[in-house]
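Here's the structure, in structure tokens; my notes come after.
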Amino acid sequence: MIKPLYFFLLSLFFINISYGIGDDSDPSSANCPDQYESCGDNLTIKYPFWRTPNDSTSNQYCGYPYFGLSCSEYGKTILRLPNDHTFLVKDINYPNHSITLVDIDLDGNQQYCPRPRHNLTLETLPLHYSKSDLTLSFHFNCTSGPFPWPPKPPIECLRFEAKRSYVNVLEGNEKEQDNWFGICEEHVRVMVLRTPLTNNDMITTEFGRAMDQGFMLDWGTAKECGACEASDGHCGSSDSKKDLLCFCKDGKVRSKHCGGMQISLFNVISANF
């Protein structure tokens, strides 16, 4: 004999199907296109990336946090990461889950003697450096060479009076055996794609061209979006980046996942039969 609790759960389950309990917004508020309009550089913009709105009327977006892409006045695609790090997007490879970026400060820089200003911190973003990347380690305004061995020639175009700057190529997780503190004023690391230009014997004169090729980041599933994507939805959020949204195929927007209460109730009932 089935206990009364089961009848109650079954009744609630079917009521939930009929009336759509768990819907968090009206279907008309959903805005998760298969593809967004490009900036004019022929780059495809689609999930998990999204186009930042040109107006302030939209309070929701469909895509990962900080994956919003904007367009420059010259029709180029721009990605802004935390801490005001801004990059031009050179390529997005959706099958490989990779994006190629170049520091926006290098755009149009024809002298090929850029001065890197900051390290890139990915923090908790679902991004990580590709195996195609190398690290360029810069030491600026040094009173002597920071590398004990082998000795490195200074970067002539970044000479400042009697002070010298240096660059070194690091492979993978390779660590430098240097002691720059008290010798150099600043230490900055940037990522670049592995190319013939990144040969350690050439990098002192070719680092600008290497940086102009950009670097690659791979993306994985954002941890907060796992349940939504597992339910065949697309993850999103409100402008406040506080409320997780799940854009579902039925045109509705729910919180966390598209299954709503139906899935959880079904699992409870099945487990008790």
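Tell me which helices (runs of 4 or more DSSP H) are completely within the stretch 164-273 and hold 3 or more residues being surrounded by 14 or more Cβ atoms within 10 Å (Cβ to Cβ), modelled with pLDDT of 90 or more and not small (Gly, Ala, Ser), or say none if there are none. Explain how you work it out, then say what you get.
On the way: elements: 203-212, 226-230, 260-272.
Ranges flagged: 203-212.
Being out of contact with any Pro (no Cβ under 9 Å at 6 or more places or on another chain), within 15 Å of PHE138 (Cβ to Cβ) and not aromatic (Phe, Trp, Tyr) is true for just one of ILE183, ILE203. Which residue is that? Break it down stepwise before answering.
Details: ILE183 fails: out of contact with any Pro (no Cβ under 9 Å at 6 or more places or on another chain).
Result: ILE203 is the single residue among ILE183, ILE203 that is out of contact with any Pro (no Cβ under 9 Å at 6 or more places or on another chain), within 15 Å of PHE138 (Cβ to Cβ) and not aromatic (Phe, Trp, Tyr).
Identify all residues within the stretch 59-106 that are assigned to a strand (DSSP E or B) and of a type in the set (D, E, K, R); write none if there are none.
Looking only at the stretch 59-106, we keep the residues that are assigned to a strand (DSSP E or B), and these are 60-62, 68-71, 77-81, 85-93, 98-103.
Hits for the stretch 59-106 are ARG80, LYS90, ASP91, ASP103.
For the condition of a type outside the set (A, V, I, L, M, F, W, C), at negative phi and surrounded by 14 or more Cβ atoms within 10 Å (Cβ to Cβ), what is the one hit in HIS85, HIS128, HIS118, HIS97?
HIS85
Under the condition of being under 14 Å from the mean Cα position of the chain (by Cα) and either farther than 21 Å from GLU229 by Cα or of a type in the set (Ser, Thr, Tyr) (or both), which residue from the stretch 15-68 is modelled with the highest pLDDT?
If we take residues in the stretch 15-68 being under 14 Å from the mean Cα position of the chain (by Cα) and either farther than 21 Å from GLU229 by Cα or of a type in the set (Ser, Thr, Tyr) (or both), then TYR47 is modelled with the highest pLDDT.
Which residues, counting only those in the stretch 110-139, are farther than 30 Å from TYR64 by Cβ and either modelled with pLDDT under 85 or not in a strand (DSSP E or B) (or both)? Give the steps one after another, and end with the answer.
Filtering the stretch 110-139 for residues farther than 30 Å from TYR64 by Cβ gives 110-113, 115, 138-139.
Matches in the stretch 110-139: GLN110, GLN111, TYR112, CYS113, ARG115.
List pairs: first in the stretch 208-235 and polar (S, T, N, Q), second assigned to a helix (DSSP H, G or I), Cβ under 8 Å, 6+ apart or cross-chain?
So the pair list comes out as GLN213/LEU197; THR221/GLU229; SER231/ILE263.
The values are calculated or read from the model by the stated rules, or taken from the named source; none is laboratory data. These figures come from a predicted structure and were not determined experimentally. No Cβ is skipped: glycine too gets one built from the backbone with ideal geometry, and neighbour counts run over all protein chains shown.
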